[in-house]
Structures are given as structure tokens and as C-alpha cells.
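The values are calculated or read from the model by the stated rules, or taken from the named source; none is laboratory data. Nothing here was measured: the structure is a model prediction, and the numbers come from that model. Virtual Cβ from ideal backbone geometry, glycine too; neighbours counted across all protein chains shown. Quick note on the areas: whole protein, heavy atoms, side chains included, nothing else; ligands and nucleic acids left out. Shrake-Rupley method; radii C 1.70, N 1.55, O 1.52, S 1.80 Å.
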Amino acid sequence: MPHARAIALLTDFGTRDPYVASMKGVIAGRTDAPVLDLTHEIAPHDVFEAAWFLRMVEKWWPAGTIFVAVVDPGVGTARRIVAASRDQKIFLAPDNGLLTFVADGARIRSVEEASLFLPNGSDTFHGRDRFAPVAAALANGLAIDKLGPELREIVRLDYQPGTIVAIDRFGNAITDLVPPSARFALKTGAVAIDRVVRTYEEGGEEPFLIIGSTGCIEISIRNGSAADVLHLRRGDRVEILEL
Amino acid sequence: MPHARAIALLTDFGTRDPYVASMKGVIAGRTDAPVLDLTHEIAPHDVFEAAWFLRMVEKWWPAGTIFVAVVDPGVGTARRIVAASRDQKIFLAPDNGLLTFVADGARIRSVEEASLFLPNGSDTFHGRDRFAPVAAALANGLAIDKLGPELREIVRLDYQPGTIVAIDRFGNAITDLVPPSARFALKTGAVAIDRVVRTYEEGGEEPFLIIGSTGCIEISIRNGSAADVLHLRRGDRVEILEL
Amino acid sequence: MPHARAIALLTDFGTRDPYVASMKGVIAGRTDAPVLDLTHEIAPHDVFEAAWFLRMVEKWWPAGTIFVAVVDPGVGTARRIVAASRDQKIFLAPDNGLLTFVADGARIRSVEEASLFLPNGSDTFHGRDRFAPVAAALANGLAIDKLGPELREIVRLDYQPGTIVAIDRFGNAITDLVPPSARFALKTGAVAIDRVVRTYEEGGEEPFLIIGSTGCIEISIRNGSAADVLHLRRGDRVEILEL
């Protein structure tokens, strides 16, 4: 008995300011659909971080989920709002690359139907004035083709695999590289590591490689931050060396 | 189909300590009403921050919402708990100024009916022992006049318009001043700014003024913190200069 | 009308990374049960902090609650996952001491029934691959004895009363000591305090003792951090001196 059309929110708004709470109010006034938080802790204006987060998370959510992702430095400009639909999931976001990793195979609409927006909305907060009421309308069953004209493509981030895509709370440096079947090492900058373990506990206090929960290689240290010790940052290039 | 009588929480408790989770448990044991978080990141004991947050947020929430706002440095003293009711919304808070900006036109009750509180409650955590069970009772349909005697007035914060009322996560300095129709400048301390833009993107790297999502003037810098660059703080006085 | 079988989450994952959002997706795909956050801000790998948080919180939650607590440095090793059941509440956690303070009188099962787990799950994220689907199954009515064989005991933390068990957001140093009936002082390291007050407000700017919301003694300073001023840390020993 999964939730019907839950709304899942992803923003860079934090929760100390009234932005998320205003969006939730607009939604609560329009639909009984459950509203869930994916995160509001995306670094301000960091579209890549949001895009990668969405990639990591969306596959675990059921059909019917409406993802509302608002990291929107271009709010109020000519940048579009887009809705992408595939596998009975809908992704609503500014057209700034945020849907780069989830839009393959999706039908895409430009969200332009102004009757769905709050009247007299602002130029600075479309999360509240456009995204929230549109998400509520979709949760109530509005067909995506009522949102606006079809688009062939969305804006996509410039991205090359072979990257540290995230540093997590535990200091793990998470790559986008799937391990080859043979033994391998990972090289990033002046650092090369070839010790691969199956669990964090067996890894011990020296840097090691581990297949993380994404299926990709991570650089880790038990009970410490590999990123701090090895001076790794998001965006650093990594490559696999087969041994 | 809006939510019936959702409970919306606003506190300075953070989420690292067990305080919010205890309140939610008390509520969950008494009602099926949905419980939503407005924020728990109000700075400790900062009644003004909470009061302004509530002002910014409440108008976006539907009739039936029960706002529970607990920033309560005077817990256990003779300070009252008050319930304010207007527009089919209820605001529950300590009577310390927290409802300053939302109580106009409201009917007010002093929350004194001890049978609604947890038995053997503490003197140090009314959020759990009084606010939570009272909110659940209201969500289940209890009439506000069962809470206690009517009050004519609540405690109000000393507040003069012409203030930076918040610094947000993006470093925007948010004022409480509505722009005049003509061209204008904003002056705060030694700083005067007269460049007004419509979107953050067109603002560029120099400080500018923008009409924020509250309808009031904000001081901003694109991709940076205007508050840091200009040394602005909450509470700083601002005034409009018509040009 | 309390919630039936709400799922309450407690982790050290934070909310900036996609871990909690992935768990919630797995749950949302399997059950309509409401999912609530206790906290995700446990310090990384801090099993004691999680165990004490759970102790403080669980008694306020109603029968039917399923607590899912994931602070799991040993993920993927031979450490068990356990389910403890008492008072119509279920506690699901790695068997690493996290249930130390809530398991007395509980029936305990080792969670081993692999058909309940996600297929092809990882060795590094049981929160998503095992805890989430098992919690959803329990919320949908699965009997706890279907999870795996009964256990006589769980792993328990080494713990001696007479400890500062938490420093909260307000800087209160929270002990696990119930006040004796007579006048008393509290001693920790070189510090001894004998001034006991009933409310924070009457305590004033000098350190004082107060009976906190847990029923235990706290060391506090009004409008300041007692922990910072007195250099108190979690784990410090404390003792009562009867006067």
C-alpha cells in the first residue's frame, strides 16, 4: 500500500529561514498528499550537488512520487521551470541542469500555465509561488501535459565521469566509478590507493577503497575523514588503475 | 482537500537533542493529525526571530492549522501560555511576545486548564508537558474556549519598523520596509544603496536592492553574502530615501 | 485516535547526504505508515549518544511505534541486527549497544530473514537495504517472530550511573542522577554546586542546579552555556553530596 503521489522536497534553503515552511503551507492548503523532505541542506546555489543527490535518491522512491527540486540562482530570469516524467515519477525543477542525471527517457514539459501559479507572485521565490502550487496540482491528479508545451531537451550540466562527486558527513570521498572485476587501484592527484575492503570496520585507520552503497568506489578511513586526511574535494578527478 | 487541523511546530530546540522528538511522541499518542516542522533552528531564546518567522510563514498556511511556537526562556515562571485564534487558525505560544505579529484581531485565551496537561509535568519543559497535549486536543476538535479565561491583550515585543529583521542563509539582509512607488535608495549606518534590480542574477557582484519574497526590500549580492560584505546585522536600523 | 504503527527514525546520517532520503523512499514504496524523524544529528558513530536519546524519547511515544535506530559503524560485519519488542513497541537496531537502555523486559529477535531485505543489497548501507524494508514490513503487520531466531541477550554498553550523559543545545549539562529528597550539592571534577532552583529564569547568571525535564539534575546557567563556562563534557563523572 504505497503512498499515492507523495511530494518529496529538495532545496538549498536550509530550515532556519521561512522558505521551506512557506512552501509547505502552500502545499498543505491545496492537497492532502504527504510531503516529505529529501534535504534542504544543499549548499547555496550548488546545482551539481542537488543533481547528484537526486540521482542517488530517486530510484529508491516508488512510482507516483513528485520530486520538487529547487536550487534556483536564476529565479525570475528567462530560465524555464521544467517537469520531467518517466516511470510514473515526476521531477519538477528550474531548467538549470538540476535534472541532468534523471531526465533520460523522460517526457518534458515547460511549466508555463500561469493559472497554476499563485496570483501576484514574486520574482524572487518561485519555490513558494510556482513550484509549490504546481506540485500540489500534480499530486491532486493534474496531467503533466496541462503544465505547458513539450520540450525536446533540458539544460544539462557539463559532467565527465571520473570525479569525486560527494564528500559525505563521515568524510568518505565518493566517486562515480564502478569497480572493474579485477584487482584495481584508484588514483587521484598524487594519491594512489589499492587496498580494497568489504566493510568499514576491516578497513582500519589507513586510507582504503570500499564499494559504497551507490555501487561506486569510495575512499575511506575508519573512524576518520578520508577527505580531510588526503585533502580530497568534490570535483577532484579520479581514475582506476587495473592491476 | 486540505489537511484538517495540521499541527505546525516552531521551536528553538534544534533536532540534536530529544526535545522535539519527545513533543512529537506526545502528539502522536493523542491524535492522527499530521505534524509538520516549520523550523527548530530559531537561535536559543530568540523570541524576535521566532515571532518574525511566524509572521512570514503563517499567511501561507490554510485555515485549520494549529501553530505551536515554543521559544520559552521563562518556562516554569508566572508567564502565561496563550492561545490566539483568528481566521480559523490557532496560535499557541508562551506569552512573551512571540505572537506580536500575528495576534491582531485574534480572540485570546490564557491556557490554564490543567486537565489538558500531562500529569506530574516538569517546570522546565512545557513544550512536551503542556503545549504538545493541548495542541493534540485542539487538533481533535477541542474548542479554544475550553483552554482557560479570555484575555484582552498579550505581551508584545517593542518593535519599530525600519529594521533589518533577518539575515537569511544566502546572506540577504531582509528589511521590513515596503518600497515606495518612486525611485528610492536605502540607507543603513554609513551605507546607502540606490541600485534596485528585479532578479538576483541581474544584480551582479556589487550590493543591490531587490524586492524580496516578503514584498519588502532586501540588500543582496549575487553569489555572496551582503550581510558579510557590508557588516549588516539583524536589528540594524534602515531608512528609505526617496530620490 | 493515535497513529497505527508509525515508524520513527533515529540515525547519525545527517540530512545533507542522500542516506535518510533513500531510507524514506524504500519505506514509502512499501507502506502507508507515517514516517517521523526523531533525529539524524547523532554524532557520527556515537552509539552512546543514540542509546541515551532513545531512552529519553521512547517513553513519550505510543504503543504501536516502530523505532528504527541506525548508528552502525560495524555495518557489513558479523554484528547482528536485532528487534526488541515490549509494551507494543518495537526497537530495530544494530546489536552494538544502541538498545542498552530500552531492552529490559523485551522479547528479542535476531533479524536474519533475508527475504525481507532488498535483493542484492550493499555491505555498507543496511539502513536502506535491511532496516527500511524490515520496518515497513513490521508496519504492515508482520509478526516480530518472523524476523529470525530468538535471542536471550543483546550487546550492552558499559555504563555506570553518575555521568554527564548529554550537553544540550542550550549548554545545559544533563546528568543521570535523580535528586535526593534533602538538600544536596553536585560535584564534578573540581566543581561543586549547591544552589538548586526551580526555573531557569530564577537561576540567574551563576551556575545552578535544576531538575530537568528528564527528572534528573542538570547544571545550567541562564542565557549561557554551563558546559562552556565550567568546561564540562559528556562522560564526566558526577556525584551527589547530601548536605
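The table below gives the values:
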quantity: Subset of segment A:158-169 [of a type in the set (S, T, N, Q) and crowded, with 20+ Cβ neighbours inside 10 Å]; calculated: none
quantity: Condition met for residue C:79 (outside any loop (DSSP other than H, G, I, E, B), open to solvent by 20 Å² or more (accessible area, probe 1.4 Å) and not aliphatic (A, V, I, L, M)); calculated: no
quantity: Residue match in segment C:11-28 (condition: within 24 Å of residue A:43 (Cβ to Cβ), among the acidic types (Asp, Glu) and touching a Lys or Arg at 6+ places or on another chain (Cβ under 6 Å)); calculated: yes
quantity: Per-region count, segment C:36-55, residues at the interface with another protein chain (Cβ under 9 Å from one of its Cβ atoms), among the aliphatic types (A, V, I, L, M) and crowded, with 24+ Cβ neighbours inside 10 Å; calculated: 3
quantity: Qualifying residue in segment C:100-115 (condition: part of a helix (DSSP H, G or I) and more than 20 Å from the chain's Cα centre (by Cα)); calculated: yes
quantity: Filter result for residue B:121 (more than 18 Å from the chain's Cα centre (by Cα), small (Gly, Ala, Ser) and open to solvent by 10 Å² or more (accessible area, probe 1.4 Å)); calculated: yes
quantity: Qualifying positions in segment A:170-182 - within 22 Å of the chain's Cα centre (by Cα) and crowded, with 17+ Cβ neighbours inside 10 Å; calculated: A:170, A:171, A:172, A:173, A:174, A:175, A:176, A:177
quantity: Any hit, segment A:127-142, residues being in a loop (DSSP other than H, G, I, E, B), at pLDDT 95 or above and open to solvent by less than 40 Å² (accessible area, probe 1.4 Å); calculated: no
quantity: Scope segment C:152-178; condition under 27 Å from residue C:17 (Cα atoms) and either within 14 Å of chain A (Cβ to nearest Cβ) or in contact (Cβ under 8 Å) with a residue 60 or more places away in the chain (or both); matching residues; calculated: C:166, C:167, C:169
quantity: Set B:185, B:166: member being more than 24 Å from the chain's Cα centre (by Cα), outside any helix (DSSP H, G or I) and hydrophobic (A, V, I, L, M, F, W, C); calculated: B:185
quantity: Residue A:145, sole failed condition from (1) assigned to a helix (DSSP H, G or I); (2) at the interface with chain B (Cβ under 10 Å from one of its Cβ atoms); calculated: (2)
quantity: One residue from C:87, C:17 being modelled with pLDDT of 95 or more and on the phi > 0 side of the Ramachandran plot; calculated: C:87
quantity: Any hit, segment C:56-72, residues being in contact (Cβ under 8 Å) with a residue 12 or more places away in the chain, more than 23 Å from residue B:40 (Cβ to Cβ), away from chain A (no Cβ under 11 Å) and in a helix (DSSP H, G or I); calculated: no
quantity: Residue among A:55, A:79, A:86 that alone is among the charged types (D, E, K, R), more than 30 Å from residue B:66 (Cβ to Cβ) and in contact with a Gly (Cβ under 7 Å, 6 or more places away or on another chain); calculated: A:86
quantity: Hits in segment B:99-118 (condition: exposed (fewer than 15 other Cβ atoms within 10 Å of the Cβ) and closer than 23 Å to residue B:27 by Cβ); calculated: B:112, B:114, B:115
quantity: Near pairs, Cβ below 6 angstrom, 6+ apart or cross-chain, from segment A:133-151 (closer than 11 Å to residue A:112 by Cβ) to any residue that is open to solvent by 50 Å² or more (accessible area, probe 1.4 Å); calculated: A:147/A:113; A:148/A:112; A:148/A:113
quantity: Segment C:1-19, subset in contact (Cβ under 8 Å) with a residue 40 or more places away in the chain and over 18 Å from residue B:24 (Cα atoms), residue surrounded by the fewest Cβ atoms within 10 Å (Cβ to Cβ); calculated: C:12
quantity: Odd one out for residue C:33, checked against (1) open to solvent by less than 20 Å² (accessible area, probe 1.4 Å); (2) assigned to a loop (DSSP other than H, G, I, E, B); (3) farther than 19 Å from residue B:31 by Cα; calculated: (3)
quantity: Of all residues making up segment B:234-243, the number that are open to solvent by 60 Å² or more (accessible area, probe 1.4 Å) and assigned to a loop (DSSP other than H, G, I, E, B); calculated: 2
quantity: Hits in segment C:197-233 (condition: within 25 Å of residue B:22 (Cα to Cα), more than 12 Å from chain B (Cβ to nearest Cβ) and open to solvent by 70 Å² or more (accessible area, probe 1.4 Å)); calculated: C:233
quantity: Cross-chain or 6+ apart pairs with Cβ under 6 Å, segment C:22-34 first and more than 21 Å from residue A:10 (Cβ to Cβ), then open to solvent by less than 10 Å² (accessible area, probe 1.4 Å) and in a helix (DSSP H, G or I); calculated: C:30/C:136; C:31/C:136
quantity: Count of residues meeting criterion [under 14 Å from residue B:126 (Cα atoms) and either more than 8 Å from every other protein chain (Cβ to nearest Cβ) or under 21 Å from the mean Cα position of the chain (by Cα) (or both)] in segment B:22-35; calculated: 3
quantity: Filter pass, residue B:154 being within 24 Å of the chain's Cα centre (by Cα) and assigned to a loop (DSSP other than H, G, I, E, B); calculated: yes
